[in-house]
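FYI, it's all coordinate maths here, none of it is from the lab. Keep in mind that this is a model prediction, so the values were computed, not measured. As a convention, Cβ positions derive from the backbone with ideal geometry for all residues, glycine included, and neighbour counts pool all protein chains shown.
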Amino acid sequence: MCKIKIIKNIGLGIFSGLAVLMISFLTSNLLYHTKKEVKRGYEVTVLEKSSEEKTNGAKSGNLNDYNKSKKAVEPVKADIEAMIKVANLDSGAKIFKKCMTCHTAEKSGGNKIGPNLFGVVGRKKASIANFAYSDAMKKKGGNWNHADLNQFLTKPKDFVPGTKMGFAGLSKEQDRANVIAYLEKSAK
């Protein structure tokens, strides 16, 4: 009899403890949970002088006169070739891990949901014989060069409307350069 009472008391204690934890968890999430969308990073804009400002600024030598009248212009896009030359292969390998859900990049690696990317730089688009490319990708034509890979990795559905690739893209130019350099170097 005593053993049964002890087991019942232990069970009741565990149940009570779990109930208290659940109630505290639910109330804390309901009372204090906030969803804030945080925009990460920042955009760098390039400022350009008008021809009048260039002349006046050069004559007066007063930087404040220029700063008062400066205008923001479109950000300058970095040259992908230059970025690939200074790319970080370790970073490219880390970023490529996101791609490994759908792709392989080994010489003898097979296809997954997406085609094997070994030797993709310089390869003809939609050229792996045993992979079912979308009609849009088959019609794209040409070889995968740095510029095309950069555009594709930025937003695949914009570069090849109708592609099967569901990946949203890599927003950072240096990330794209690192991945392209990694794919190119790992194939050699």
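When the dipole is taken about the Cα centre of the range 119-188, and only Lys, Arg (+1) and Asp, Glu (-1) are charged at their Cβ, what size is it in debye, to the nearest 20?
The dipole of the range 119-188 has a size of about 200 debye.
Quick one: of LYS97/LYS140; LYS85/LYS164; LYS112/LYS157, which pairs are farther than 24 Å apart, Cα to Cα?
As for pairs spanning more than 24 Å Cα to Cα, those are LYS97/LYS140; LYS85/LYS164.
What FRET efficiency would be calculated for the residue pair ILE113, LYS188, taking the C-beta separation as r and a Förster radius of 35 Å, to the nearest 0.05?
0.85
Each residue of the range 116-131 in order: what ³J(HN,Hα) in whole Hz does its phi give by Karplus 6.51 cos²θ - 1.76 cosθ + 1.60, θ = phi - 60°, with x for Gly and Pro?
Calculated HN-Hα couplings, in order: 5, 9, 4, x, 5, 5, x, 7, 5, 5, 6, 10, 6, 4, 9, 10 Hz.
If R₀ is 25 angstrom, what is the calculated FRET efficiency for the pair ASN143 and VAL86, using the beta carbon separation as r and rounding to 0.05?
0.60
Along the Cα→Cβ direction, 7 angstrom out, place labels at THR101 and LEU12. What is the inter-label distance in nm?
Taking the simple label geometry, THR101 and LEU12 are separated by 4.9 nm.
Pop a pseudo-label 7 angstrom from the Cα along the beta-carbon direction at both LYS172 and GLN151 and give the gap in nm to one decimal.
2.5 nm
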